[in-house]
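Taken together, the values in this text are just the output of simple stated rules run on the coordinates, not laboratory data. Remember, it's a predicted structure, so these values are computed and weren't measured experimentally. Glycine also receives a Cβ, built like all others from the backbone with ideal geometry; neighbour counts cover every protein chain displayed.
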Amino acid sequence: MIVRIMGEGQLDVADADLDLLNEFDRRIESAIESGSEETFRQSLHDLLEQVRKDGKPLPEDALEPSQFILPPADASMDEVRAMLGDEGLVPDEG
């Protein structure tokens with residue numbers, strides 16, 4: 001599945017990673033709901049690091065449709081809250 005990190009580019013991430021990415025996504029949503037900036041920051045960091053670690057970067061000139069788009073590492077809770085859909089940042093099915 002193709003994942004875009006805003007400001008960084010696209011990565012090809014194995015579908016097998018979806019459950020793990022969804023776990024990070026749930027932590028981000030929970031932190032936003034509780035207003036915990038520290039938990040939010042750590043969870044967003046963990047999600048982005050997992051995508052960077054497991055994903056294979058696409059060439060900069062590639063224009064593949066992204067299954068989902070993740071916020072940049074410096075995004076605020078309000079910015080991420082605005083990005084959350086019914087299924088969070090990471091849809092249950094890629």
So, Glu38, is that one loosely packed, with under 15 Cβ neighbours inside 10 Å and more than 17 Å from Val90 (Cα to Cα) or not?
yes
Check the range 34-42 and report whether any residue there is farther than 15 Å from Ile69 by Cβ, under 13 Å from the mean Cα position of the chain (by Cα) and among the hydrophobic types (A, V, I, L, M, F, W, C).
yes
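Does at least one position in the range 30-52 carry a residue that is farther than 13 Å from Met77 by Cβ, of a type in the set (D, E, K, R) and in a loop (DSSP other than H, G, I, E, B)? Lay out the reasoning, then the answer.
So in the range 30-52, the residues farther than 13 Å from Met77 by Cβ come out as 45-52.
Filter again for of a type in the set (D, E, K, R), leaving 46, 49, 52.
So of that shortlist, the ones also in a loop (DSSP other than H, G, I, E, B) come out as none.
No, the range 30-52 has no match at all.
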Considering residues of the range 1-21 that are under 11 Å from the mean Cα position of the chain (by Cα) and under 20 Å from Asp78 (Cα atoms) only, the residue surrounded by the fewest Cβ atoms within 10 Å (Cβ to Cβ):
Met6
What pairs can you find where one residue is in the range 54-65 and touching a residue at least 24 places away in the same chain (Cβ under 8 Å) and among the acidic types (Asp, Glu), the other is assigned to a loop (DSSP other than H, G, I, E, B) and surrounded by 11 or more Cβ atoms within 10 Å (Cβ to Cβ), and their Cβ atoms are less than 8 Å apart, with a gap of 6+ or different chains?
Asp54/Val13; Asp54/Ala14; Glu64/Leu58
